[in-house]
């Protein structure tokens with residue numbers, strides 16, 4: 001269950017290939033890639049700074065992945081989250097889940113991303129023409145995470 005927080009970009013194809021090689025029982029890979037948009041809340045975004053609490057962030061991500069493995073019959077999962085200065089079109093986050101079957105892989109991938117958005121200690125500051133601003137938590141992210149409050153069947 002690799003979890004990495006890093007400034008460097010990642011190669012999605014290479015990361016998925018490495019995870020696939022781990023187990024010949026893998027029959028499905030589900031993934032999510034988050035990107036920096038050029039607009040948020042109607043304002044043009046020139047860039048974004050992502051900050052985190054080193055050590056705490058990795059532990060929070062590992063707990064989320066561990067919970068996904070407890071809820072679904074998945075083989076492995078990978079989370080890479082970038083920090084530092086990013087610009088529109090840059091990759092921010094990669095979540096990859098490997099399982100024997102697609103249903104568990106899809107559900108676990110979505111769960112990891114929903115919990116990452118609401119439970120991992122990251123802070124985003126956007127650069128706009130009006131100046132820098134911190135990005136507030138979204139109610140829609142909380143609603144997405146709430147649907148997982150009941151344990152799912154394996």
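The values are calculated or read from the model by the stated rules, or taken from the named source; none is laboratory data. Not measured: the values here are computed from a predicted model. Cβ atoms come from the backbone with ideal geometry, glycine included; neighbour counts cover every protein chain shown.
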So residue 42 passes all but one of these: (1) touching a strand residue (DSSP E or B) at 6+ places or on another chain (Cβ under 9 Å); (2) over 30 Å from residue 26 (Cα atoms). Which condition number does it fail? (1)
Of residues in the stretch 51-65 being under 14 Å from residue 4 (Cβ atoms) and in contact with a strand residue (DSSP E or B) (Cβ under 8 Å, 6 or more places away or on another chain), the one surrounded by the most Cβ atoms within 10 Å (Cβ to Cβ): 61
Selected residue [over 13 Å from the mean Cα position of the chain (by Cα) and either assigned to a loop (DSSP other than H, G, I, E, B) or closer than 18 Å to residue 12 by Cα (or both)] from 33, 80, 29, 75: 29
Give me a count of the residues in the stretch 10-26 that are over 16 Å from the mean Cα position of the chain (by Cα), assigned to a loop (DSSP other than H, G, I, E, B) and farther than 19 Å from residue 62 by Cβ. 5
Check the stretch 1-9 and report whether any residue there is at pLDDT below 95 and part of a loop (DSSP other than H, G, I, E, B). yes
Take residue 68 and tell me if it is touching a strand residue (DSSP E or B) at 6+ places or on another chain (Cβ under 7 Å), in a helix (DSSP H, G or I), crowded, with 18+ Cβ neighbours inside 10 Å and at pLDDT 95 or above. yes
Cβ pairs under 8 Å, 6+ apart, first in the stretch 4-30 and over 14 Å from residue 76 (Cα atoms), second in a loop (DSSP other than H, G, I, E, B): 5/54; 5/83; 6/83; 7/83; 9/90
Just to verify a result, which residue in the stretch 71-89, among those that are closer than 19 Å to residue 18 by Cα and touching a helix residue (DSSP H, G or I) at 6+ places or on another chain (Cβ under 8 Å), is surrounded by the fewest Cβ atoms within 10 Å (Cβ to Cβ)? 76
Evaluate the stretch 104-120: report whether one residue or more is in a loop (DSSP other than H, G, I, E, B) and either at pLDDT 95 or above or surrounded by fewer than 17 Cβ atoms within 10 Å (Cβ to Cβ) (or both). no
Might you check whether a residue that is under 22 Å from residue 15 (Cβ atoms) and not in a loop (DSSP other than H, G, I, E, B) occurs anywhere in the stretch 130-146? no
Is it true that residue 59 is outside any strand (DSSP E or B) and farther than 22 Å from residue 27 by Cα? yes
